[in-house]
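The values are calculated or read from the model by the stated rules, or taken from the named source; none is laboratory data. Computed from a predicted structure; not experimentally measured. When we count neighbours, we look across all protein chains shown, and the Cβ atoms used for this are built from the backbone with ideal geometry, even at glycine. Each accessible area value is taken on the protein alone, full model and side chains, heavy atoms only, with ligands, DNA and RNA left out. Shrake-Rupley method; radii C 1.70, N 1.55, O 1.52, S 1.80 Å.
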Amino acid sequence: MSSVLPVYNRTNLTFSHGEGVYLYTPEGDKYLDFAAGIAVNSLGHSHPKAVAALVTQAQKLWHVSNLYHIQGLEPLAEKLTQNSFADKVFFCNSGAEAVECGLKMIRKYHDETGNPDKFRIISFMGAFHGRTIATISAGEPGKNTKGFEPLLEGFDHVPYGDLEAVKNAITPQTAGILVEPIQGEGGIKPAPNGFLKALRELCDKHGLLLMYDSVQCGMGRTGKLFSHEWWGVNPDITSSAKGIGNGFPLGACLATDKAAQGMKQGSHGSTYGSNPLAMAVGNAVVGEILSSGFLENVVEQGKYLKERLSSLVIRHPKIIEEIRGMGLMIGIKMRVPNADFVNALRAEKLLTVPASDNVVRVMPPLILEKKHIDEAMPKFEAACEKFV
Ligand code: PLP
């Protein structure tokens, strides 16, 4: 009997090391990693700059607490604010914590501006925001919430992309809207065109804060630092995690000065948040994502990968329904069970990850090259053949 809490369904596979887009088992089997730890390993495995940043910092200082100034904190916050809508950043350790910070910020903003009765947040069906009580309450009610009631009060769920439903859900108590610009766990669903703009207008009209959850779709995954840049619609707050640490636990909540005005000394905190190890890695990772040509490569490889995958739909219309997504955040909508297809790909030594809506997520490291896509395609083809 294992001593580990059995909350995961682990595949019988162990990896001992990785390099670039490849993972290796202790037996020496080589896998092409198109899952990247669920959109986390943005720079791939053992990236020399990320490794050097972590090792150098590990030899100097691990932790001091937020009682002191932390080297690396201001530079990382500035990298993010100088390249986004935001003025302020709070660092934490995971996506759920980054969302949690944003949720607290929304409530505090209204309290600070004389509207303490505004606390409700409109969120969406199909959404996933993490596993804390607040974040499961924000996400789609169902398998993640069952048995954890009573949930946190104050979330109004409406269908994703349904503007009329959003309008109808707004009451005098509404404080903000929380939305993933591209739903990840929900099945790689980009916001319909015009939706984010309409949400922005509604927020401005009703004095609400607009918060994006960019944990999965941010940090260069779509070829922009934040995916919302493709629509040109800024939020007041966004959460970030996953790709920002490349595997080192790091999350961030970014906000405008206006949205952050309620957050003062003592309003929020985290023992590990902004610790020196995380800041060293974060600076290296974000620095690399912002370096010349990096995001352009994501766009180029994303386009090529999507083109190649789209050809599968034509050849195997009974197996694959459609290819969707943006950049290197791609969803294959299956006609056969997605888990079976993920297993078939794994048998070909290609790693992907399932999502809701019978989708297989293809989210390789952002350092992907054309040759890796060419290497992956026969594996996709072979997996399809198994279902013919
Ligand atoms: N938000 C989104 C959009 C996510 O995809 C996830 C994780 O999949 C989270 C939040 C939660 O992140 P974490 O598991 O790091 O708490």
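Quick look at the values:
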quantity: At 1.002 mPa s and 20 °C, Stokes diffusion of the stretch 307-388 via Kirkwood alpha-carbon radius, µm² per second; calculated: 171
quantity: Tilt relative to the chain, helix 338-347 - C-alpha long axis, 0 to 90 degrees, to 10; calculated: 50
quantity: Karplus-derived HN-Hα couplings along the stretch 252-269 (A = 6.51, B = -1.76, C = 1.60, θ = phi - 60°), whole Hz, x at Gly and Pro; calculated: 8, 10, 10, 8, 6, 4, 4, 5, 8, 4, x, 7, 10, 3, x, 5, 7, x
quantity: Probe 1.4 Å, protein heavy atoms only - accessible area per residue of the chain in square angstrom; calculated: 45
quantity: Counting all C-alpha pairs of the stretch 158-278, share separated by more than 22 Å (%); calculated: 39
quantity: Per-residue SASA entry for ASP340, accessible area with 1.4 Å probe, Å² rounded to 10; calculated: 70
quantity: ³J(HN,Hα) computed for each position of the stretch 67-74 - Karplus, 6.51 cos²θ - 1.76 cosθ + 1.60, integer Hz, glycine/proline x; calculated: 6, 10, 5, 10, 4, x, 5, 4
quantity: Accessible-area order (highest first, 1.4 angstrom probe) of the listed residues GLU385, GLU19; calculated: GLU19, GLU385
quantity: Within the accessible area of the stretch 49-289 (1.4 Å probe), percent carbon and sulfur; calculated: 54
quantity: Column: log10 I(q)/I(0), Debye, Cα scatterers of the chain, q = 0.09, 0.13 Å⁻¹; calculated: -0.52, -1.10
quantity: Cβ-defined net charge surrounding ALA255, 12 Å radius [Lys, Arg +1; Asp, Glu -1]; calculated: +1
quantity: Positive-end residue of GLN216, LEU103, PHE128, charge dipole of the stretch 79-231 with Cβ unit charges; calculated: GLN216
quantity: Helix-only CD estimate at 222 nm, as mean residue ellipticity for the chain, using -39500 (n - 2.57) per DSSP H run (n ≥ 4); calculated: -10500 deg cm²/dmol
quantity: Accessible heavy-atom area order of SER274, SER16, SER291, highest first, probe of 1.4 Å; calculated: SER16, SER291, SER274
quantity: Binned Cα-Cα distances of the stretch 221-272, short to long, each 10 Å bin given as a whole percent; calculated: 19, 44, 31, 6
quantity: Orphan Cys of the chain, criterion: no other Cys C-beta under 4.7 Å; calculated: CYS92, CYS203, CYS217, CYS384
quantity: Nearest 10 degrees, 0 to 90: helix 294-315 Cα axis against the chain principal axis; calculated: 60
quantity: In sequence order, calculated HN-Hα J values of the stretch 145-152 (Karplus, 6.51, -1.76, 1.60; Hz; x Gly/Pro); calculated: 9, 4, x, 9, 5, x, 7, 5
quantity: Gained length - VAL51 relative to TYR24, 0.36 nm times residue gap less alpha-carbon distance; calculated: 7.9 nm
quantity: In Å², nearest 10: area of TRP230 left accessible to a 1.4 Å probe; calculated: 110
